[in-house]
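We did not get these values from a lab; they are worked out from the coordinates using the rules stated. Since the structure is predicted, the reported quantities are computational estimates derived from the model, not experimental observations. Using ideal geometry, Cβ is built from the backbone for each residue, glycine included, and neighbour counts are taken over all protein chains shown.
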Amino acid sequence: MQKIPLDLATRTINCGPVLIIGTKGKNYDDFSAVAWNMPLNKEPSKVAICVGPSHQTWTNIEQYGKFSCNIPGLDLIPHLAYFGGVSGKDTDKLKESSVELFKPDELPVPALKKALAVLICEVIEMDKETHIITAEVTLAFAKGEYFSDHWTGKEGVFPVNHLGGPNYQCGGKLVNQSKLKSW
Ligand SMILES: Cc1cc2nc3c(=O)[nH]c(=O)nc-3n(C[C@H](O)[C@H](O)[C@H](O)COP(=O)(O)O)c2cc1C
């Protein structure tokens, strides 16, 4: 065991699934990447995400009080890198990437068709000091072949973990994907 720089300390526990957060916007809807997230409670179901207040995602959530957590698999990593590499302040990322949306009924926020699971969340609290947004999950969807009570690992399909920088891990497979600044 050897000392590592403190600015790398959080990367050792940065192993939960990375999320694509979907929000409704004043001008257009948005998706962004969020690696810092955690479950908070089972009943009622609650989660926390950490979002920079300068991001369009924060502004959209502040305005509409709702967001979707989209759990990507391997095939969505390029989109993840694009949504996390460009701000929705001046770019319509949905239109630019022509991403397919998941629209079961009228969802209050955009969600992704290719996601392995989608959680629709309503804000409980937004803390500008810590950047933590806590929310209740009011609706949840998952692809039954890959999530049935738990992630099944069928066909080697798993959520993606962000290991830091351009490094991702999915079902034991290491992926190098730099942030995409355009689609
Ligand atoms: C893999 C990955 C993980 C990220 N995780 C976070 C995070 O946990 N919190 C955060 O505020 N930004 C995170 N970002 C950065 C935002 O996704 C990025 O700043 C994005 O452009 C914000 O978009 P928006 O302005 O449309 O909200 C991450 C980016 C990537 C590529």
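Brief remarks on what is shown
- In region 100-183, the ratio of gyration radius to Kirkwood radius, Rg to Rh, stands at 1.01 when only Cα atoms are counted.
- Region 6-176 - convex hull of alpha carbons, volume per residue in Å³: 122
- Protection proxy ranking of 52-60, 28-36, 8-16 - average other beta-carbon atoms within 10 Å, highest first: 28-36, 52-60, 8-16
- For LYS181, the lysines whose Cα falls under 30 Å of its own Cα, not counting residues fewer than eight places away in the same chain, are LYS24, LYS26, LYS66, LYS89, LYS93, LYS95, LYS103, LYS113, LYS114, LYS128, LYS143, LYS173.
- Summed over qualifying helices (DSSP H, 4 residues or more, each -39500 (n - 2.57)) and divided by its residue number, the chain shows a 222 nm mean residue ellipticity of -3000 deg cm²/dmol.
- Available extension along the chain between GLU145 and MET38 is 36.2 nm, counting 0.36 nm per residue and deducting the alpha carbon span.
- The HN-Hα couplings worked out from phi for region 10-19 by the Karplus form 6.51 cos²θ - 1.76 cosθ + 1.60 (θ = phi - 60°) are 5, 5, 5, 10, 8, 10, x, x, 6, 10 Hz, whole numbers, x standing for Gly and Pro.
- The charge dipole of region 6-176, taken about the Cα centre with unit charges on the Cβ atoms of Lys, Arg (+1) and Asp, Glu (-1), comes to about 280 debye, rounded to the nearest 20.
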